[in-house]
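Data first, discussion second: the structure below is written as structure tokens.
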Amino acid sequence: MRRKLNEDAILLRHDAGLWAIADGMGGHSAGDVASRALVE
């Protein structure tokens, strides 16, 4: 299944050697907001 809105978010901090992927839990209320808040 492919959703119209990609709710996942990614953080890339090459200077710190850090990366993170947040799964937006597609179909749940405000999944995009939650994943974006995590990487910010």
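The values are calculated or read from the model by the stated rules, or taken from the named source; none is laboratory data. Source: prediction; values computed, not measured. Note: ideal-geometry Cβ built from the backbone for every residue, glycine included; neighbour counts use all protein chains shown. Accessible surface is based on the protein model in full, side chains and every heavy atom, while ligands, DNA and RNA are left aside. Shrake-Rupley method; radii C 1.70, N 1.55, O 1.52, S 1.80 Å.
Of the residues ASP8, ASP32, ASP15, ASP23, the single one that is open to solvent by 70 Å² or more (accessible area, probe 1.4 Å) and either on the phi > 0 side of the Ramachandran plot or in contact with a strand residue (DSSP E or B) (Cβ under 8 Å, 6 or more places away or on another chain) (or both) is ASP8.
Assess whether ARG3 counts as being assigned to a loop (DSSP other than H, G, I, E, B), open to solvent by 90 Å² or more (accessible area, probe 1.4 Å) and at pLDDT below 90. Against the criterion (assigned to a loop (DSSP other than H, G, I, E, B), open to solvent by 90 Å² or more (accessible area, probe 1.4 Å) and at pLDDT below 90), ARG3 qualifies. The residue list HIS14, HIS28 contains one member that is without any contact (Cβ under 8 Å) to a residue 12 or more places away in the chain and touching a helix residue (DSSP H, G or I) at 6+ places or on another chain (Cβ under 9 Å), which is HIS28.
Considering (1) under 8 Å from the mean Cα position of the chain (by Cα); (2) part of a helix (DSSP H, G or I), the lone condition that ASP15 does not fulfil carries the number (1). Among the criteria (1) open to solvent by 100 Å² or more (accessible area, probe 1.4 Å); (2) assigned to a loop (DSSP other than H, G, I, E, B), the one LEU38 does not fulfil is (2).
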